[in-house]
Every structure is written in C-alpha cells, then in structure tokens.
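One structure is given below, encoded as structure tokens.
Here, each number is a calculation from the coordinates, and none is a lab measurement. Nothing here was measured: the structure is a model prediction, and the numbers come from that model. Here the Cβ positions follow ideal geometry from the backbone for every residue, glycine too, while neighbour counts run over all protein chains shown.
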Amino acid sequence: RTEEISTPKRTKEIIARHGFSFKKSLGQNFLIDQNILHNIVAAAHLTPDKGALEIGPGIGALTEKLAQTAGKVTAVEIDRRLIPILEEVLSPYPNVSVEQGDVLKVDLKDLFARHFEGVSGVSVVANLPYYVTTPILMKLLEEKLPLENIVVMIQKEVAQRMAASPGSKDYGSLSIAVQYYCEPQLVCTVPHTVFIPQPNVESAVIRLKVRDKPAVEVEDEDHFFEIMQASFVQRRKTIANNLKSRYFPKEGRERLEELLQQAEIDPSRRGETLSMEEYAVLSRVFLQAGI
Ligand code: SAM
C-alpha cells in the first residue's frame, strides 16, 4: 500500500524522483503534516455529494485528502512542471481533475459549469500562495460564485485582519470587505514546521462561511466599498478628515459635517470604530446627496 502523498518521506521521494525545485516566487510551501491537513478538510464540512475547488495543489498533499472526502475535486495549478507529477500521484482518484492556469485569469463561472454540475454545493479549500492571497479571495467573493465555504491557509496577520471586529487594531477595509460576504472563523494557527520549505511568516487556517446574502443592504456596492476605503486611507486621522480629503478637498467642512450628522456619525471618530452598518448608512446618505 502506498503512503499518503503528504508524509515527509513520500513528499521527498516524489520531489527527488521528478527533479522538482521549489519556486519561491510562486509561494511554493508544501504541507507535510497529517493533523493540519485533517483540520483543513474537516473545517470545509465536505461530504460525497459536495465539490471542492483547490487553488494551487502543489504535488497533491491536500488534493488527496479532498478526493477521499468530497465527491468531486477540481484543482487549478499555475506551475506547468507540477502537472505531470499531479497526474501521476493522483491517478488512483478518478474524482479529481487538474487544470493548468493562473487562478486570477481563469473563468471560474465556466469552470464551475464544466466541473460541478450536479453537486449539492462547492467549497474552496486551499493552502494559498501568500503573495496573492487577497486578490484570489476578492476574486472568489466579488464574482459571487455559488460557494458554501472558503477554507484557506494564509498568513496569520491576514487571517487576523479578516476576522477582526470594529475597534480592534486589526480592523480595516479588508475586514469589512470579507465580512460583507462571509462569516469568518479562525480555525487554527500553524507552526512553520508543517511545510517544506518552511515559510518566513506565521500561518493560520481561516474558514469563511459564505453568507446567503451580504451582511448589510447597500444600494451601490462600489460606492459603499469606496467610502469605506477612503475612511481608512490614513488610519490615525478622523473619519471627517479622511472623507474631506477624498470627497470635499476644496470646500469647507459644513456640508460634510451635516452629512455625517444625518448618518448619526460623530466626525471625530476614526474609521476603525465604525461598524459595517454605519458604513452602509453613510453610503446611503452620500448617495442621496448626489456624492
Ligand atoms: N496545496 C499544496 C500543499 O498544501 O502542499 C501546495 C500549496 S503552495 C503554498 C501554493 C501553490 O499554489 C503552489 O503549488 C503554487 O505553484 C501555486 N500557485 C501560485 N500562484 C498561483 C496562481 N496564480 N494560480 C494557481 N496556482 C498558483
């Protein structure tokens, strides 16, 4: 019986036999720990009637566990050198398909139509390349794909920012962008020793349970996100100062203060203290005023 792909021994054997060399620029840190892999897969609540989309399968450590749990697994890997390796090591699993490509450029709606027809729900499960974590997650969320969960290994600080509440030091536009679409939950933090090669940053697993509908109702999503981002441009400044620089650079403060009053927001507060609901109200008031 062959060992699991993710044991240190088999991982080293596969890498040596194929003469594979790691590319740091692609964020290649492969998992070699059974417990962590188990925790990642368990957090996605997969069953044989569900599908899993994996981004960056590497040599298939996580892909194999997903294949044993979900009904259908599709993995998108950018590095062409890994495709023949994946085809070989994953050949015992007929429910896995691997596609070569940059996930940021792949048409995911089309991929879903080709691979996940008939499954009762799809989750993204991945040990993400850290250099593109935020663009990948924002693409998954903004395209409004029919996802149940997103369970990802990411840099620990990024996970903390995604899960942060108003008023905490980690709370910012990333927290709001993620929490608008999802309910975040930190699953575990992860030591360096579970990867080869070991990354220089600390890692964590986060579960984002995708909401049926966004957390707050807004008329114009782009407008809402723009106001929120403008409010955090300079974290140490008050919301009034940040909004003034962005929306009223040449006017006095009267109009802005009036609008903030209408939204029941004290102009001396900082952006990091406002809840998502307050940003939604602010966006509504600005839109009504034609801003
Ligand atoms: N899933 C494997 C594991 O856990 O052992 C590998 C994880 S490794 C952190 C990240 C993987 O993402 C690498 O295999 C890398 O080649 C791939 N990758 C990097 N950028 C990518 C992109 N834009 N699209 C798809 N895959 C990418």
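Average projection, convex hull of the Cα set of the range 74-225: 10.7 square nanometres.
Derived scalar couplings between HN and Hα for the range 117-124 equal 5, x, 7, 8, x, 10, 10, 8 Hz in order, rounded to whole Hz, by the Karplus curve 6.51 cos²θ - 1.76 cosθ + 1.60 (θ = phi - 60°), x for Gly and Pro.
Treating r as the C-beta distance of residue 81 and residue 148 and R0 as 35 Å, the FRET efficiency rounds to 0.65.
Compute the normalised compactness of the chain: alpha-carbon radius of gyration over 2.2 N^0.38 Å, N being the residue count.
1.14
Kindly state, to the nearest 0.05, the FRET efficiency for residue 268 paired with residue 120, given R0 = 45 Å and r defined as their beta-carbon distance. About 0.35, to the nearest 0.05.
Take the Cα of residue 110, step 7 Å toward its Cβ, do the same at residue 253, and the gap between the two points is 5.3 nm. Spacing of the modelled spin labels on residue 18 and residue 223, each 7 Å from Cα toward Cβ, amounts to 5.0 nm.
In this structure, the residue pairs whose Cα-Cα separation is over 27 Å, taken from 209/244; 65/156; 65/139, are 209/244. Charge dipole (Cα centre; +1 on Lys/Arg Cβ, -1 on Asp/Glu Cβ; no other charges) of the range 85-162 amounts to roughly 300 debye. Which shape class, rounded, prolate or oblate, goes with the range 1-117 when its Cα gyration tensor gives a ≥ b ≥ c as root eigenvalues, a/c under 1.5 marks rounded, and past that a/b bigger than b/c marks prolate? In terms of gyration-tensor shape, oblate. Rounded to the nearest whole angstrom, the semi-axes of the ellipsoid equivalent to the range 165-242, taken from the Cα gyration tensor as √(5λ), stand at 29, 19, 10, largest first.
Springs between Cα atoms under 10 Å define the GNM used for the chain, and in it the highest mean-square fluctuation of 105, 169, 209 occurs at 105. Can you classify the range 217-271 as rounded, prolate or oblate using the Cα gyration tensor, where a ≥ b ≥ c are the square roots of its eigenvalues, rounded means a/c under 1.5, and otherwise it's prolate if a/b beats b/c and oblate if not? Rounded is the answer for the range 217-271, as its axis ratio a/c remains below 1.5. Residues 251, 4 in ascending order of nearby Cβ atoms (within 10 Å, fewest first): 251, 4. 3J(HN,Hα) along the range 205-217: 9, 10, 10, 10, 7, 6, 6, 5, 9, x, 5, 10, 8 Hz, from the Karplus curve 6.51 cos²θ - 1.76 cosθ + 1.60 with θ = phi - 60°, whole Hz, x for Gly and Pro. Binning all Cα-Cα separations of the range 159-202 at 5 Å, short to long from zero, yields these whole-percent fractions: 5, 22, 22, 16, 15, 13, 7, 0. Karplus-derived 3J(HN,Hα) values for the range 90-95, using 6.51 cos²θ - 1.76 cosθ + 1.60 with θ = phi - 60°, are 9, 4, x, 10, x, 8 Hz; glycine and proline are entered as x.
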